[in-house]
Amino acid sequence: VKCYQEGDPTSRESNDVVDTDGGFIVVSEAINLHSMYSIGDRLILIAENGVWSITGGSNYGFAATNYKVEMLSTFGGIPNKSFVEFGGQGFFWGWDGIYAIAKNQFGDYEVTNLTKDSNDKFFSEIPTQARLNCQGFVDKSRRQVRWVYVEGTPFEDAVTKEIVFDLKF
């Protein structure tokens, strides 16, 4: 038997998990977790029903016995390929808009709807199937985040469309 941890989980005297052991983190509230990425000292999880942040519990990094799970939002993302990361921010599509995960003025991470108010009507008219098949890209030289999607059926009236967020402004 190969054991990849310092503590012996079969020991009768001491079978406790120690800091250097591996393991897994349970986020019981998350439904259909579909995107994970690291940003700074944290791991961001995007599920259909919310966004979570996982950090080390005492500001020294992850350990098997010391971590903190924090819910950043109660609205999540669509399980597609829309997620992209650029410039320390994460961007993804939700059912009601395009979202950004970034630090606020206090240094805390928050999730913001970028299409609320200004582009809400446009985004709401994108068909469900087009949202499910969306693909995100980053154009670093132009400092743009781009999403490509197809409206219509593949063999008849399919139209490829693109949304571009210019991060220079």
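The values are calculated or read from the model by the stated rules, or taken from the named source; none is laboratory data. A quick note: this is a predicted structure, and the numbers were derived from the prediction, not measured. Just the protein is used for accessible areas: all its heavy atoms, side chains included, with ligands, DNA and RNA removed. Shrake-Rupley method; radii C 1.70, N 1.55, O 1.52, S 1.80 Å.
Descriptive notes on the structure:
- Probe 1.4 Å, all protein chains present, accessible-area order of Lys140, Lys168, largest first: Lys140, Lys168
- Thr160, Thr112, reordered so the largest accessible area comes first (probe 1.4 Å): Thr160, Thr112
- Violating pairs (Cα-Cα greater than 25 angstrom) within the set Lys81/Lys121; Lys103/Lys161; Lys116/Lys168: Lys103/Lys161
- Accessible surface for Ser124 stands near 80 Å², nearest 10, in the context of the full protein assembly shown (1.4 Å probe).
- Kirkwood-based shape ratio for segment 125-169, expressed as Rg/Rh from alpha carbons: 1.07
- Leu33 sits with roughly 80 Å² accessible to a 1.4 Å probe, with DNA, RNA and ligands left out of the calculation.
- Area accessible to solvent at Asp108, 1.4 Å probe radius, in Å²: 90
- With eigenvalues of the C-alpha gyration tensor scaled by 5 and rooted, segment 74-154, Å: 22, 15, 11
- For Arg131, Arg146, the ranking by accessible surface with the largest value first comes to Arg146, Arg131, using a 1.4 Å probe.
- Counting 0.36 nm for each residue step from Glu110 to Lys168 and taking away their Cα separation leaves a gain of 18.8 nm.
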